[in-house]
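The values are calculated or read from the model by the stated rules, or taken from the named source; none is laboratory data. Since we're looking at a predicted model, the values are computed, not measured. Every residue, glycine as well, gets a Cβ built from its backbone with ideal geometry; the counts of neighbours run over all protein chains shown.
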Amino acid sequence: MPTIAHEFVWPDRVVIGTIGLPGARTFYLQVRSRAQIMSVALEKEQSALLAEKIDEILDELMVGDGNPFSVPATTPVELVDNDPLELPLDEQFRAGAMSLGWDPSTVQIVVEAFPVQEIDDADFDPESIESISQLESLVEPSEVLRVGMPVGTARAFAKRTREVVGAGRPLCPLCGTPMDPQGHICPVADDL
């Protein structure tokens, strides 16, 4: 079955947001283009890594000879988006694999999210796989979300994502793990 591609080439909005209280939040990548809106669930770590890698790509492009792509060093004020996720929120899928790239023809960061793939053990017999194409057919994703972000939008996206990730539970200064409001058993404090 061919992969269904949900393409947002010049979206009106693309953000990471959460639903729930710190410690029990669900992270979403939400993108809107006119009336079309799509939300994909992510892990907190995926969100943080996505922001970090987007900033790395933008920083590398910015130091190019004369900054040919006009990559902003900071988030353009007019692109700051602090609004909540748009409701009702309808989760399309939970992201498993993700890819990140640069498209110089459109001067955009391109993010792809693929659903978590589960392979039924009954369908997978490593000894019966005769070629890479047979293996790929077993793990071909059913759908993909592909989002293109201009450089300013990508910088704003990364900044907001870092803020959303950082708005969770405070970290223990000794062990670095999140602390619950009810208390925290710190393994490092026991060693002191």
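A few comments on the model shown:
- Every residue from region 1-18 that is crowded, with 20+ Cβ neighbours inside 10 Å and assigned to a loop (DSSP other than H, G, I, E, B): PRO11
- Qualifying residues in region 132-162 (those that are in a helix (DSSP H, G or I) and at pLDDT below 95) - the one nearest to PHE27 (Cα to Cα): VAL139
- Being more than 15 Å from GLU112 (Cα to Cα) and not in a helix (DSSP H, G or I) holds for only one residue in LEU21, LEU29, LEU61, and it is LEU21.
- Positions within region 32-45 being farther than 21 Å from VAL151 by Cα and not in a strand (DSSP E or B), in sequence order: ALA35, GLU43, LYS44, GLU45
- Of all residues in region 98-110, at least one satisfies being touching a residue at least 24 places away in the same chain (Cβ under 8 Å), among the polar types (S, T, N, Q) and not in a loop (DSSP other than H, G, I, E, B).
- Just one residue in the set ALA51, ALA95, ALA73 is among the small types (Gly, Ala, Ser) and assigned to a helix (DSSP H, G or I); that residue is ALA51.
- Cross-chain or 6+ apart pairs with Cβ under 9 Å, region 157-174 first and under 14 Å from ASN82 (Cβ atoms), then of a type in the set (S, T, N, Q) and exposed (fewer than 13 other Cβ atoms within 10 Å of the Cβ): LYS159/THR74; ARG160/ASN82; GLU163/ASN82
- Qualifying residue in region 76-93 (condition: among the hydrophobic types (A, V, I, L, M, F, W, C) and under 14 Å from the mean Cα position of the chain (by Cα)): yes
- Cβ pairs under 6 Å, 6+ apart, first in region 127-154 and farther than 21 Å from VAL116 by Cα, second surrounded by 11 or more Cβ atoms within 10 Å (Cβ to Cβ) and at pLDDT below 55: ILE129/LEU135
- Contact annotation: residue pairs with Cβ atoms under 8 Å, 6 or more positions apart or on different chains, pairing a residue in region 9-31 that is more than 20 Å from ALA154 (Cβ to Cβ) and without any contact (Cβ under 8 Å) to a residue 40 or more places away in the chain with a partner that is β-branched (Val, Ile, Thr) and outside any loop (DSSP other than H, G, I, E, B), are GLY20/THR26; THR26/THR18; THR26/ILE19.
- Only residues that are within 17 Å of ASP103 (Cα to Cα) and either within 18 Å of the chain's Cα centre (by Cα) or exposed (fewer than 12 other Cβ atoms within 10 Å of the Cβ) (or both) were counted across region 19-62, and they come to 8.
- Residue in region 112-131 that is within 30 Å of GLN182 (Cβ to Cβ) and modelled with pLDDT of 90 or more present: no
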